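Undergrad: Can you keep this structure in mind? I'll have questions shortly.
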2 protein chains.
Amino acid sequence: MKNSNFLAYIAGFIDADGSIYVRLKPNSQYRYDFQVSPSIVLYQKSTEQVFLKRLQDKLKMGYLRIRNDGMIEYTIGDRESIRKLMNLTMPYLMLKKKQAKLILRVLDKSKTVKSANDFVKLAELIDKFGSLNYSKRRIINARVVRNHLKNKGLLTP
Amino acid sequence: MKNSNFLAYIAGFIDADGSIYVRLKPNSQYRYDFQVSPSIVLYQKSTEQVFLKRLQDKLKMGYLRIRNDGMIEYTIGDRESIRKLMNLTMPYLMLKKKQAKLILRVLDKSKTVKSANDFVKLAELIDKFGSLNYSKRRIINARVVRNHLKNKGLLTP
């Protein structure tokens, strides 16, 4: 398969059954007590492990995780790989182009965070995944982050 | 998007979240009392109707069906379109190439049916979708067809 065709294939796969998202995870090791965790995930039944391994070998990024429920996840979590994959598949994405642009914006913005206020703005940007992905259980959103940082006295008015 | 890229995209979409299958449906209008019904189906949440409509407009085949459960199906059911789509996406399919080849074989074989015995052989070929698609509820299989045609005295030993 030609390289551009392979990337278009991956775009179709992501559009049909993949996820592009960023989560905020409580983690006191991080400066503002939350880790910004971006992911691109492809799902399949674990019977298709060989196939996902093939994708992984071709893309040279990410890792496979076998879940307990008979599913397998191919996750790309490191920022450099995410940037690369999003830029390569962007021209072919039809359904999840907005998510692709948003994850790139989040990665860019996260590099420019200089204050707790900036971090809250970043969290607000991440919140936009909620409506794009119709996700119902985003527990940690910008409001939670804002309240936490406010209580710690880190926010300026 | 270039045409070959669009076809690779569709292949990725089918591999991730599409179905390629043939069903046998009881129907006394047909010569051997069963209709051979092939389908290629793409699924999405009904919020993505505009997107599926775009695919339909580009592929110029099939129809959309809004289900009661908030899903929408884009189904290609006519044989000429199925042939065309399978031949066009075949080079790019990675997961469902076997199903694609099998549906083409079924379409070919169904044109050569000349007897009830031939029809049972066709039903046996259709049965192969069961294991390829891990389908659990194939009620009408070759055994059912064979028994029915046997009871009608149509099978030669």
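Read the figures in this text as sums done on the coordinates, not as results from a lab. What you are looking at is a predicted structure, and each value in this text was computed from that prediction instead of being measured. Methodologically, a virtual Cβ is constructed for each residue, glycine included, from the backbone with ideal geometry; neighbour enumeration extends over all protein chains shown.
Undergrad: Kindly list the number of the only condition in (1) within 27 Å of residue B:2 (Cβ to Cβ); (2) free of Cβ contacts under 8 Å to residues at least 60 places away in the same chain that fails for residue A:19.
TA: Just one mismatch for residue A:19, condition (2).
Undergrad: Moving on. Would you please name the residue that is farthest from the other protein chains (Cβ to nearest Cβ), looking only at residues in region A:53-83 that are part of a helix (DSSP H, G or I) and polar (S, T, N, Q)?
TA: Ranking the qualifying residues of region A:53-83, first place goes to A:81.
Undergrad: How many residues, within region A:7-17, are facing another protein chain (nearest Cβ under 7 Å) and closer than 10 Å to residue A:89 by Cβ? Walk me through how you get there before you give the answer.
TA: If we filter region A:7-17 for residues that are facing another protein chain (nearest Cβ under 7 Å), which is where we start, we get A:8-13, A:15-17.
With the extra rule that they be closer than 10 Å to residue A:89 by Cβ, the set shrinks to A:8-13, A:15.
Number of matching residues: 7.
Undergrad: Now for a separate question. Quick check on my filter: what residues within region A:21-52 are outside any helix (DSSP H, G or I) and within 14 Å of chain B (Cβ to nearest Cβ)? Walk me through it before giving the result.
TA: First, the residues of region A:21-52 that are outside any helix (DSSP H, G or I): A:21-45.
Result: A:40, A:41, A:42, A:43, A:44, A:45.
Undergrad: Continuing with the same structure: For region A:87-119, which residues satisfy the criterion of being closer than 19 Å to residue A:14 by Cα and part of a loop (DSSP other than H, G, I, E, B)?
TA: Passing the criteria: A:90, A:91, A:92, A:93, A:94, A:95, A:96.
Undergrad: Under 9 Å between Cβ atoms, which residue pairs at least 6 apart in sequence (or on different chains) link something in region A:35-55 that is on the phi > 0 side of the Ramachandran plot with a partner that is of a type in the set (Ser, Thr, Tyr)?
TA: If the second residue must be of a type in the set (Ser, Thr, Tyr), no pairs are left.
Undergrad: Condition test on residue B:147, is it more than 30 Å from residue A:47 (Cβ to Cβ) and either surrounded by fewer than 17 Cβ atoms within 10 Å (Cβ to Cβ) or within 15 Å of the chain's Cα centre (by Cα) (or both)? Even if it seems obvious, please write down each step before you answer.
TA: Values: more than 30 Å from residue A:47 (Cβ to Cβ): yes; either surrounded by fewer than 17 Cβ atoms within 10 Å (Cβ to Cβ) or within 15 Å of the chain's Cα centre (by Cα) (or both): yes.
Considered against the rule, which asks whether it is more than 30 Å from residue A:47 (Cβ to Cβ) and either surrounded by fewer than 17 Cβ atoms within 10 Å (Cβ to Cβ) or within 15 Å of the chain's Cα centre (by Cα) (or both), residue B:147 comes out as yes.
Undergrad: Only one residue in A:72, A:82, A:103 is over 12 Å from the mean Cα position of the chain (by Cα) and aliphatic (A, V, I, L, M). Which one?
TA: Going through A:72, A:82, A:103 in turn, just one is over 12 Å from the mean Cα position of the chain (by Cα) and aliphatic (A, V, I, L, M): A:72.
Undergrad: May I pose another question? Let me confirm something: among B:28, B:4, B:81, B:46, which residue is of a type in the set (S, T, N, Q) and under 25 Å from residue B:131 (Cα atoms)?
TA: On the way: B:28 fails: under 25 Å from residue B:131 (Cα atoms); B:4 fails: under 25 Å from residue B:131 (Cα atoms); B:46 fails: under 25 Å from residue B:131 (Cα atoms).
Exactly one of B:28, B:4, B:81, B:46 is of a type in the set (S, T, N, Q) and under 25 Å from residue B:131 (Cα atoms), namely B:81.
Undergrad: Only one of (1) more than 17 Å from the chain's Cα centre (by Cα); (2) buried (at least 16 other Cβ atoms within 10 Å of the Cβ) fails for residue B:112. Which number is that?
TA: If we test residue B:112 against (1) more than 17 Å from the chain's Cα centre (by Cα); (2) buried (at least 16 other Cβ atoms within 10 Å of the Cβ), just (2) comes out false.
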